[in-house]
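Here is the structure we will look at.
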Number of protein chains: 2
Amino acid sequence: MRTQSPQGSRAALLRQAMVSVAPRLKLVETFIAKELQAGPEPIQQTGSYVFSAGGKRLRPTLLLLASRLVGYQGEKDVRYAALIEMLHTATLVHDDIIDHASLRRGRASANSRWGNQLTVLVGDWLYTRSMELALEVDDLEIMRLLSRATMQMIEGEVLGLSLKGRTDITVEQYLEIARRKTAELFAAACAIPALFSPAFAAFQSILADYGRNLGLCFQIVDDLLDLTGDQDQLGKPVFSDLREGKLTLPLILALPKLAPEQRRAVAEVAREGSFTALRPQELQEWLVQAGALAEARDVALSFGEKAATLASQLPPGFERDALAAAPWFVLERDH
Amino acid sequence: MRTQSPQGSRAALLRQAMVSVAPRLKLVETFIAKELQAGPEPIQQTGSYVFSAGGKRLRPTLLLLASRLVGYQGEKDVRYAALIEMLHTATLVHDDIIDHASLRRGRASANSRWGNQLTVLVGDWLYTRSMELALEVDDLEIMRLLSRATMQMIEGEVLGLSLKGRTDITVEQYLEIARRKTAELFAAACAIPALFSPAFAAFQSILADYGRNLGLCFQIVDDLLDLTGDQDQLGKPVFSDLREGKLTLPLILALPKLAPEQRRAVAEVAREGSFTALRPQELQEWLVQAGALAEARDVALSFGEKAATLASQLPPGFERDALAAAPWFVLERDH
C-alpha cells in the first residue's frame, strides 16, 4: 500500500507530466511506426515486434519535457524523440546478441526469435536510419551530440564485455560503464532541445548534467531490480546480469564483506553462468546481510538527488517540477 | 602465362596507377591504424586483426584516383578513403556473423575468433566512428551520400537474407541485391571527391554511375570466383555462397537449363548447407555444360564495359585511363 509520501507525490507529479506530453508521445510512436513501415519487409516485422513490446519510453518523454521547458514551439521534438528511442532500441537488440538474452520485456528477444543474423541487421538498420533522420534536419551540432552518445554506448558495451566474468571490478569501473552505456543517452535526450535554438543554449549544460545523473540513478535501480525483482514483473530472469558474468554495483559493494567461500561461490556463478553452487535466494540474503542493497540504493538516491538539484536551476514551471520529480519515479519503479 | 593482350595492358595500366597512389594509400592505412589505436583495447585488437588481413583496398584506391582526376589538391581524400574502407569493413564483420563464416581472407573470421559478441560491437564501432569522421569535416552532402550508401548495404543484406535458401530468385532480384550490397559503396567512393568543391560537381553523376557499374562487375566476378576459384587463393571454401543458401548469378542462369533431378540436387545443397547429394566438382561441370559461367562472365563484362565507357567521358589524363582500365583488373582477378 502506498502512503502519500513526498516521494509518492513527486512521482505522481511526473505521472501527470507524462499525461501532459502523451499527445506528443503518441506522435513519436506514429513517427517510429511510419519509419519502420518504410523499411524492407523483414525490418517492418522485426521492428514492429521490438517496438510493440513497449518499454517505458522514458528517453523520448524526457526529450519532450525538456523541449517544453526551454519553450520550443516547433515539430522537431517529435523527430528527435523518435530518433532517440530508435537509437536506444538499436543498442538493445545488439545487446541481446551480446548477452545471449532470450527474454526482453517479458517476450522472446529478437535474436532468439529471428536469430542473430536478422537481429544484427535490424540494429544496423535502426542505427543508420536514426542517422538519416538527423541528417534530414541539417543540424550538425545535434548530429555530433548524437554520434558522440552512440559511440559512448558502444564503447561502454565493449568495456563491459571486456570485464565479463571478472570479480575484481571496481565501483569506478562500474560507474564508468553505466555512464557510457546508459547515462550519456539520457544526457543527449535532455540536452538536444537546448540546441533547437541559440536562445535555449544556456540550458544545454544543466540539462545534460541532469540527464547524466538521472541516467546513472536509472542504471543502478535497473541493476538492483535484476537482483531483487520478480521474473514476471521484470520480463526476464532474476540475476540475469550475474548469469552473464556481469557484476553490478550491489555485488561489487557486497564482495569485500562476504566470507571467502561466499566470494568463491559468487565467482563460480559469474564464471559458469548458472546457479549450481548457490541458490538465488541465498545470494539475495547475503546481499541483504552485507547491507549492499541498501548501500547501492543510497548511491542511486544520491545521483537522483543530484539530478533534482540540477533541475531546480532550470526556469520554474510545470516541466521543471516534472523533471525534478523524475528521479523519484525512477527510484520507485518495480520493473 | 599471360600474353600482352589489350586487357592485360589495361590491367597493367591500373597497376601503375595503384603504384602512383600508393603513397596516399599508405596515409590511408596510417589514418585507419591511428583511429583503431584511439579505440578501447578490445577494438584495437580485433580492429587491427581485421584490417591487417589485407584485402585489395579497391574502394579507397578508387576514391584517391577520382580525387586526383577532379583535380583536388587537399587532404580530405585520405580521410574519406579511410572512412570508406572502415564502412566496408564494418559490413564485412557483421556479414560474417550473418553468414556464420569461419574464414575471411584466408584466416579465421573475427566472429569465429572472438565470438559474435565482440564482433557485433566492432562493426558498430566502425560504423559509428566512420560517421564521426565525416562529422568532423562539416560536409552534410557527403554525409548524406555516405549514410544513403550505408543504408543500401544494410537493406541489400536484409533482402539477401530474406531470399536465402530460395531457388526461385530472379536475375533482377540478384542484381538488385548486388547493387545495394556492393555497387552503391563503389558509387559513393568514386563520387565523393566530386563533392570536395562546387567546381567538381559536374563529375558527380558520371563518377557515381561509373562506380555503380564497376561495383556490379566486381560482385559478379566475386560470385563467379566463389564457384570456380581455389580455396587457398580465395581464403574461404569454394561454393560458400550456396552452402549459405545463396544462389548467385551463374546458378540462377543455369537452373532453367538443368534437368529436374539436377535442380533438386542444387536445391538440396542450398537447403542443407552442405554437399551431400552432390560433389562440388559435379556442380561445376553442370555449370560449364549449361554455359552459365560464360554467360555470367558476359554480364560482368557488359557492366565493366559500361563503366569503361562512362570513364571515357571524364577529363583525359592518367587517372581517367586508370579508371577506364579498372574493370579489366576486376575481371582478371583470381581471388
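Computed from the coordinates by the stated procedures, all read-outs in this text should not be read as laboratory data. Fair warning: this is a prediction, and the values are worked out from it, not measured in the lab. Here Cβ is always computed from backbone atoms with ideal geometry, including for glycine, and neighbour counts include all displayed protein chains.
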### Query
What share of all Cα pairs of the protein assembly as shown, in percent, falls into each consecutive 10 Å distance bin?
3, 14, 23, 24, 17, 11, 6, 2, 0, 0
### Query
What does the charge dipole of the stretch B:8-332 about its Cα centre add up to, to the nearest 20 debye, if the Cβ of each Lys and Arg holds +1 and the Cβ of each Asp and Glu holds -1?
340
### Stretch gain in nm, segment residue B:259-residue B:205, where the contour uses 0.36 nm per residue and the Cα spacing is subtracted
15.0 nm
### Task
Starting from the Cα of residue A:320, step 7 Å along the direction of its Cβ; do the same at residue B:289; then give the gap between the two resulting points in nm.
8.4
### Query
What nm value, rounded to one decimal, do you get for the distance between residue B:282 and residue B:136 when each label is placed 7 Å out toward the C-beta?
5.6
### Message
I'd like the mean, over residues of A:121-130, of how many other protein chain beta carbons sit within 10 Å of each residue's own Cβ.
### Response
6
### Task
Considering only A:17, A:38, A:296, give the residue with the highest GNM mean-square fluctuation for chain A, with springs between Cα atoms whenever their separation is below 10 Å.
A:38
## Note on the structure
Along the stretch A:295-308, Karplus-curve 3J(HN,Hα) (6.51, -1.76, 1.60; θ = phi - 60°) to the nearest Hz, with x for Gly and Pro, reads 5, 5, 5, 5, 5, 4, 4, 5, 5, x, 5, 4, 4, 5
#### Entry: Residues with amide H under 5 Å from that of residue B:247, placed H, sequence gap 5 or more
B:165
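Place a +1 charge on the Cβ of each Lys and Arg in the protein assembly as shown and a -1 charge on the Cβ of each Asp and Glu, then give the dipole magnitude about the Cα centre in debye, rounded to the nearest 20.
Dipole size: approximately 140 debye.
Over the stretch B:8-332, what number does the Rg to Rh ratio reach, with both radii from the alpha-carbon atoms and Rh per Kirkwood?
Numbers: Rg = 19.7 Å, Rh = 20.3 Å.
Answer for the stretch B:8-332: 0.97.
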### Summary
Scoring chain A by relative contact order with C-alpha pairs under 8 Å, at least six apart, yields a percentage of 20
### Message
Among A:196, A:215, A:158, whose Cα projects farthest towards the positive end of the dipole of the stretch A:155-241, with charges put on the beta-carbon of Lys, Arg (+1) and Asp, Glu (-1)?
### Response
A:196
### Query
Could you give the Stokes-Einstein D for the stretch A:183-335 in µm² per second, using the C-alpha Kirkwood radius, 20 °C, 1.002 mPa s?
127
### Message
Once each part is reduced to its C-alpha centroid, what is the distance from the stretch B:41-74 to the stretch A:246-316 in angstrom?
### Response
46
### Task
Per residue of the stretch A:213-221, in order, report the coupling 6.51 cos²θ - 1.76 cosθ + 1.60 (Karplus, θ = phi - 60°) as ³J(HN,Hα) in whole Hz, putting x for Gly and Pro.
5, 5, x, 5, 4, 4, 5, 5, 4
#### Entry: Over 28 Å (Cα to Cα) - which of A:56/A:181; A:26/B:164; A:164/A:306; A:181/A:306; A:164/B:76; B:164/B:257 fall in this group
A:26/B:164; A:164/A:306; A:164/B:76
### Query
Which shape class applies to the stretch A:61-216: rounded if a/c is under 1.5, otherwise prolate when a/b exceeds b/c and oblate if not, where a ≥ b ≥ c are the square roots of the Cα gyration tensor eigenvalues?
oblate
### Query
³J(HN,Hα) across the stretch A:135-152 via Karplus (A = 6.51, B = -1.76, C = 1.60, θ = phi - 60°), whole Hz, x for Gly/Pro?
5, 5, 9, 6, 10, 5, 5, 5, 4, 5, 4, 5, 6, 5, 5, 4, 4, 4
### Query
Could you state the number of Å between the C-alpha centres of the stretch A:144-190 and the stretch B:120-161?
22
### Message
Counting only helical runs of four or more DSSP H residues, what would the 222 nm mean residue ellipticity of the protein assembly as shown come to if each run contributes -39,500 (n - 2.57) and the total is spread over all its residues?
### Response
-23500 deg cm²/dmol
